Amino acid sequence: NAGVTQTPKFQVLKTGQSMTLQCAQDMNHNSMYWYRQDPGMGLRLIYYSASEGTTDKGEVPNGYNVSRLNKREFSLRLESAAPSQTSVYFCASSEGAGRNNYGYTFGSGTRLTVV
Amino acid sequence: GDSVTQMEGPVTLSEEAFLTINCTYTATGYPSLFWYVQYPGEGLQLLLKATKADDKGSNKGFEATYRKETTSFHLEKGSVQVSDSAVYFCALSDYSSASKIIFGSGTRLSIRP
């Protein structure tokens, strides 16, 4: 089925460990996004990529890095995990921009726990 | 900056009751507005959208009208079902090339049989 695929679905890390969350979309969308979801705080944008080859910081980028590997793939890396990064992470993609933004397609999420 | 404010939950209703979830926004331009729904253990799904003033988005019996004068986009449904139990997010999209979407904090809805 067409959509956004995230891996892994669950992960437990120890403080200080690193890991990369993977995201791939097969809808030929230009823009891709990483959000984190915490209880009572909705979704907060970590990084986004408006097009292949570009990345920009969102609302909460500290402690994260991203790579737009190609048009399909957009990865999120935690270099030295901290308990404050315990969250559910969502990747999303969108086709249009401005008034032609038809909304995001979301992946099913990665539940990350840092102990 | 742009922001979205929606009513706090949880909201608990009986089946077949009328639903309203309030949403207001602050934006410098004329954003597109969205409602997303998140079922337990899943990602967010687009429920409906509106791109300009007075547009009405609708889907699965849910409706919301883009009210520029009151900067609101309230979600309504005439008769809710148990299967509508979920978390609902109001959101807006700016007009930058990246079209980042800003989400409200979400409203949890529970429907009693």
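The values are calculated or read from the model by the stated rules, or taken from the named source; none is laboratory data. Please read these numbers as outputs of a predicted model, since none were measured by experiment. As a convention, Cβ positions derive from the backbone with ideal geometry for all residues, glycine included, and neighbour counts pool all protein chains shown.
Has the range B:80-92 got any residue that is more than 15 Å from the chain's Cα centre (by Cα), assigned to a loop (DSSP other than H, G, I, E, B), modelled with pLDDT of 95 or more and not hydrophobic (A, V, I, L, M, F, W, C)?
yes
From the list B:5, B:28, B:51, B:24, which one is surrounded by fewer than 12 Cβ atoms within 10 Å (Cβ to Cβ) and either in contact (Cβ under 8 Å) with a residue 12 or more places away in the chain or acidic (Asp, Glu) (or both)? Lay out the reasoning, then the answer.
Details: B:5 fails: surrounded by fewer than 12 Cβ atoms within 10 Å (Cβ to Cβ); B:51 fails: surrounded by fewer than 12 Cβ atoms within 10 Å (Cβ to Cβ); B:24 fails: surrounded by fewer than 12 Cβ atoms within 10 Å (Cβ to Cβ).
That would be B:28, the only listed residue that is surrounded by fewer than 12 Cβ atoms within 10 Å (Cβ to Cβ) and either in contact (Cβ under 8 Å) with a residue 12 or more places away in the chain or acidic (Asp, Glu) (or both).
Across the range B:31-48, what is the number of residues that are more than 12 Å from the chain's Cα centre (by Cα), surrounded by 13 or more Cβ atoms within 10 Å (Cβ to Cβ) and over 19 Å from residue A:33 (Cβ atoms)?
1
Answer yes if at least one residue in the range B:55-62 is without any contact (Cβ under 8 Å) to a residue 40 or more places away in the chain, closer than 30 Å to residue A:47 by Cβ, within 14 Å of chain A (Cβ to nearest Cβ) and in a loop (DSSP other than H, G, I, E, B), and no otherwise.
Within the range B:55-62, none of the residues are without any contact (Cβ under 8 Å) to a residue 40 or more places away in the chain, closer than 30 Å to residue A:47 by Cβ, within 14 Å of chain A (Cβ to nearest Cβ) and in a loop (DSSP other than H, G, I, E, B).
Taking residue A:39, is it within 11 Å of another protein chain (Cβ to nearest Cβ) and either surrounded by fewer than 22 Cβ atoms within 10 Å (Cβ to Cβ) or touching a residue at least 40 places away in the same chain (Cβ under 8 Å) (or both)?
yes
Residues B:56, B:49: which one is touching a strand residue (DSSP E or B) at 6+ places or on another chain (Cβ under 8 Å) and modelled with pLDDT of 95 or more?
Answer to the check: B:56.
Select, from B:71, B:107, B:51, the only residue that is over 24 Å from residue A:29 (Cα atoms) and more than 10 Å from the chain's Cα centre (by Cα).
Values: B:107 fails: more than 10 Å from the chain's Cα centre (by Cα); B:51 fails: over 24 Å from residue A:29 (Cα atoms).
Selected residue: B:71, the only one of B:71, B:107, B:51 that is over 24 Å from residue A:29 (Cα atoms) and more than 10 Å from the chain's Cα centre (by Cα).
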